[in-house]
Structures are given as structure tokens and as C-alpha cells.
Amino acid sequence: MKIIAGSAHNQLAEDIAAYLQTSIADVTVDAFPDGETFVQINENIRGEDVFIVQPTCPPTNHNLMELLIMVDAARRASAGRITAVMPFFGYARQDRKDKSRVPITAKLVANLISAAGVNRVVTMDLHAAQIQGFFDIPVDHLYARPVMVKYLKEELNMVGEDLVVVSPDVGGVKNARFYSDALGADLAIVAKHRVSATKVEATNVIGNVEGKNVFLIDDMTETGGTLCAAAKILSEQGGCKKIFAGVSHAVIGETARKRIENSPIESLVTTNSVPQAHGSNVIPLSVAQLFGEAIRRIHNGESVTSLFDL
């Protein structure tokens, strides 16, 4: 087994390697003066089972291209099998034609990854689960739910009748239902209207949250707009007590961090799938063990199904 780390999230790759009791392969990833990416694998990987850890988070295009170049380098070095470990799959929101004359970029990215020479993909909490079907190669789709639920139960004591799990939009109800079942809590929905890519308006609350703690759950946040708009209406109209939020991928910048900090949200529970997941009231949970165990089982030809269980 060889673990290769891209430059997107070296710390997560090192944590995964530590769980597997191995080390990161010696690989040079550099850039030419004109910005072109240069990759050289400095050790023998002929016939090896190669796992390339590279979330395609911002800068998305750079990290995606770097992944493709690393895959090509591994393929030309006669790697036995190449698995792309993508904790965060960029372009996942462009999974359908919702307007005239727009691309389905998630499918294009899947084609690029397959064409580069990847034999298998390991990812987590895709924005749309059907993206697995865009690939003609095996995709292991992991979930952050076991990691998140464990923290909510053991550290925040968020269980039972005093808690309501809230989906910030209708599309996230299925995910919210899983959390509400796991935590023994009720379910509510915030209806929203997206004005633009950066502005969201919450309209009303469907369900009873009065006098209860609230856990807002979504698959990802980038600007914090959806979560903060939902938290505002829950605070103003719902009459709830404390509001916590959770996302699998916190691809946030300084503007989003300040927005979340100044919102009614007590803290944002997320994973370290991307290096952007940090802030004064952001709690990143490590998924290194989850991915490390998936890699170990794939390498040994074992089932990964039990990783989905709580």
C-alpha cells in the first residue's frame, strides 16, 4: 500500500497514514513559473495499491488538475491499482441541467477522473448521492453521520425530547431525518428562497421548535447564508433555546466565518474534510479514522458496509 498526498490537505493525509501505521510516499509536487503543476514520484510504486488523498476544495480547479496529474504519474509508474480518496468532491452541486445551456460539470469531472486512470473513488457525503452513478468505476460513498452523531451524543449531550433536528431546506429532509432518528429527536424544516449564489432568504418554520434546542444540519456550507438565514428565523419566530449547526463540509472563508460568528448559531460542528473548516465557533471532527479504515478494508478486500452503521 502507498499513500500519496496532494497539496490540498496534507494534514488529513498524514493523519490517515498515521492511522494505517504507515508513512506518506515521497512525492514532489511543485509548480513551474507559469503555474503549471509538476509531479514526480520519488520511490518505486510498481504493482502497488496506491491511494491518492486529495479533496477538490478551493482552489478547486488547481486541486482537481493536481489530482489528475498525480494519477497519470502513478499510472505511468505502473501502479497496480489507483484509488482517488476525495473527502470533498468539488463541482458536486452542478449535477443536473437546472437552466438552459448549462453543463453537468459533476459528470465531466467523473469522466476526467476515470480517463486519467483511477480504478476506484472513495468520497464522503456527496451533495447528490446519484453522482456515484456518473462513474463507470466503483465508488465508495462514506458518511460523516457516525462521526457527527457520536460527538453530538457524547460531548454536547444532544439527545431526546428537548432537541429538534432542523433541515434548512426541503432537499435536506432525508439527511435530517437520519439525524433525528439517531438522536431520538423531532424533525422540523425551514422553507427558504435562494435569491442569488450568495444570498438566501428563509421564509417560515415548518414544525414546532418552541422552547427546545435546535440542531441545523446540512451537507455543506460555503458562504454560511443558508444556515444563518435559517438560524435567524428560528430565533425570531420559532422561540427555540440554543441553536447549533452541523455540516459535513465547511468550505468557508473569512466572510462566512464572521457571518456564522455573528449569527444566533452557538457553534458549527463539521469535519476536517477540507482545510477551510476552522473558526472561532467551528468544531472540526477528524474523519482520518473513517477514511483510514475504508482504505485498509479496500486494500485487504474486505467489506466497507459496516462503516455506514452508527
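The values are calculated or read from the model by the stated rules, or taken from the named source; none is laboratory data. Everything quoted here is computed from the prediction, not taken from an experiment. Don't worry about glycine lacking a Cβ; one is built from the backbone with ideal geometry, like all the others, and counts go over all protein chains shown.
Against the definition (in contact (Cβ under 8 Å) with a residue 24 or more places away in the chain, hydrophobic (A, V, I, L, M, F, W, C) and more than 16 Å from residue 148 (Cα to Cα)), how does residue 227 come out, yes or no? When the stated conditions are applied, residue 227 passes them. Take residue 114 and decide whether it is outside any helix (DSSP H, G or I), in the same structural domain as residue 295 (by TED's automatic domain parsing) and surrounded by fewer than 20 Cβ atoms within 10 Å (Cβ to Cβ). Spelling it out, it is not the case that residue 114 is outside any helix (DSSP H, G or I), in the same structural domain as residue 295 (by TED's automatic domain parsing) and surrounded by fewer than 20 Cβ atoms within 10 Å (Cβ to Cβ).
Inspect all residues belonging to region 88-106 and state whether any of them is within 20 Å of the chain's Cα centre (by Cα) and touching a residue at least 40 places away in the same chain (Cβ under 8 Å). Yes, there is a match, as at least one residue in region 88-106 is within 20 Å of the chain's Cα centre (by Cα) and touching a residue at least 40 places away in the same chain (Cβ under 8 Å).
For residue 138, the conditions (1) within 30 Å of residue 53 (Cα to Cα); (2) buried (at least 17 other Cβ atoms within 10 Å of the Cβ) all hold with the exception of (2).
Among residues of region 239-259 being among the small types (Gly, Ala, Ser) and part of a loop (DSSP other than H, G, I, E, B), the one that is nearest to residue 277 (Cα to Cα) is 253. Tell me, yes or no, whether region 54-75 has at least one residue that is in contact with a strand residue (DSSP E or B) (Cβ under 6 Å, 6 or more places away or on another chain) and basic (Lys, Arg). No. Number of residues in region 17-46 that are of a type in the set (Gly, Ala, Ser), over 21 Å from residue 292 (Cβ atoms) and not in a loop (DSSP other than H, G, I, E, B): the value is 1. Among the residues of region 1-42, write down those that are more than 26 Å from residue 61 (Cα to Cα) and either of a type in the set (Phe, Trp, Tyr) or without any contact (Cβ under 8 Å) to a residue 40 or more places away in the chain (or both). Selection gives 19, 21, 22, 23.
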